[in-house]
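The values are calculated or read from the model by the stated rules, or taken from the named source; none is laboratory data. The structure presented is a predicted model; accordingly, all values stated were derived computationally and were not measured. Here the Cβ positions follow ideal geometry from the backbone for every residue, glycine too, while neighbour counts run over all protein chains shown. When the accessible area is computed, the model is the full protein with side chains, heavy atoms only, and any ligands, DNA or RNA have been set aside. Shrake-Rupley method; radii C 1.70, N 1.55, O 1.52, S 1.80 Å.
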Amino acid sequence: AQSVTQLDSQVPVFEEAPVELRCNYSSSVSVYLFWYVQYPNQGLQLLLKYLSGSTLVKGINGFEAEFNKSQTSFHLRKPSVHISDTAEYFCAVTAFYGGSQGNLIFGKGTKLSVKP
Amino acid sequence: EPEVTQTPSHQVTQMGQEVILRCVPISNHLYFYWYRQILGQKVEFLVSFYNNEISEKSEIFDDQFSVERPDGSNFTLKIRSTKLEDSAMYFCASSPGRSEKLFFGSGTQLSVL
């Protein structure tokens, strides 16, 4: 079975500061990794995904994430945040069993609040 | 950009009552999903639906739950006899293919009293 751990439930940060949201996963099989964002009163929106290839993945809104297989991590980063980045961020994983993709397993979420 | 639409945005019901949560997936998508998020907890997978049948379901999706695609555009989740612990935000999602990204709706907040 797969699991996802987001180590921080809340991250407060000042505008224009860098931010890192941490995500660790466990799986005995190959996985795809995702970051989703949920703005207030909206649905989940895909920020970026890692399927294969380069371990540094760039997403929308200036976010990027790095897949580290040895540390089973997929941390999300942004060098300079804006007030509009205030939202809840979810790390998710989906595993492969014999070539067939399983369903998304989500972490508990990290609430990012950006202060002026 | 096309989006997944869910109605209603909020639903309040009495324990033991039946509720139907409605979703309109993106029109050319083939895979449909229901997830839920109990307040303060993880987003949890409930069920996936493809080719007019359930392709996978979690242990949460017991006999009180059912899904249907009644008319080729709507995708519904029915909870037959609601319990207090069914209170959650229910998200519908769709994707064009099995390994494509999921497009989520904005959710239906279900409160069971």
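Whether a residue is among the aromatic types (F, W, Y), open to solvent by less than 20 Å² (accessible area, probe 1.4 Å) and within 20 Å of A:L46 (Cβ to Cβ) was assessed, and B:F32 passes this test. Number of residues in the stretch B:98-113 that are open to solvent by less than 50 Å² (accessible area, probe 1.4 Å) and more than 14 Å from the chain's Cα centre (by Cα) equals 2.
As a summary of the residue check, B:E56 satisfies the conditions (1) acidic (D, E); (2) within 23 Å of A:E88 (Cβ to Cβ); (3) within 11 Å of chain A (Cβ to nearest Cβ) except for the one numbered (2).
Pick from the stretch A:37-83 the residues that are among the β-branched types (V, I, T) and touching a residue at least 24 places away in the same chain (Cβ under 8 Å): which of them is surrounded by the fewest Cβ atoms within 10 Å (Cβ to Cβ)? Walk me through how you get there before you give the answer.
Going residue by residue through the stretch A:37-83, those that are among the β-branched types (V, I, T) are A:37, A:55, A:57, A:60, A:72, A:81, A:83.
Then keep just the ones that are touching a residue at least 24 places away in the same chain (Cβ under 8 Å); that gives A:37, A:72, A:81, A:83.
On the way: A:V37: 22, A:T72: 16, A:V81: 23, A:I83: 11.
The extreme case among them is A:I83.
Restricted to strands (runs of 3 or more DSSP E) entirely inside the stretch A:41-116, those with at least 1 residues that are within 13 Å of another protein chain (Cβ to nearest Cβ) and at pLDDT below 90 are A:44-50, A:87-97.
Any chance the stretch A:26-36 includes a residue that's buried (at least 19 other Cβ atoms within 10 Å of the Cβ), among the β-branched types (V, I, T) and either out of contact with any Ser or Thr (no Cβ under 8 Å at 6 or more places or on another chain) or within 11 Å of chain B (Cβ to nearest Cβ) (or both)? So far as the stretch A:26-36 goes, no, none of its residues is buried (at least 19 other Cβ atoms within 10 Å of the Cβ), among the β-branched types (V, I, T) and either out of contact with any Ser or Thr (no Cβ under 8 Å at 6 or more places or on another chain) or within 11 Å of chain B (Cβ to nearest Cβ) (or both).
Find the strands (runs of 3 or more DSSP E) located wholly in the stretch B:61-113 whose residues include 3 or more that are away from chain A (no Cβ under 14 Å), and list them. If you could, list the steps in order and put the result at the bottom.
Values: elements: B:65-68, B:75-79, B:88-95, B:108-112.
Output list reads B:65-68, B:75-79, B:108-112.
Against the numbered list (1) closer than 24 Å to B:L39 by Cα; (2) touching a Lys or Arg at 6+ places or on another chain (Cβ under 6 Å); (3) aromatic (F, W, Y), A:F14 comes up short only at (1). Of the residues making up the stretch B:59-97, those that are open to solvent by 60 Å² or more (accessible area, probe 1.4 Å) and either under 16 Å from A:I105 (Cα atoms) or aliphatic (A, V, I, L, M) (or both) are B:E59, B:L84.
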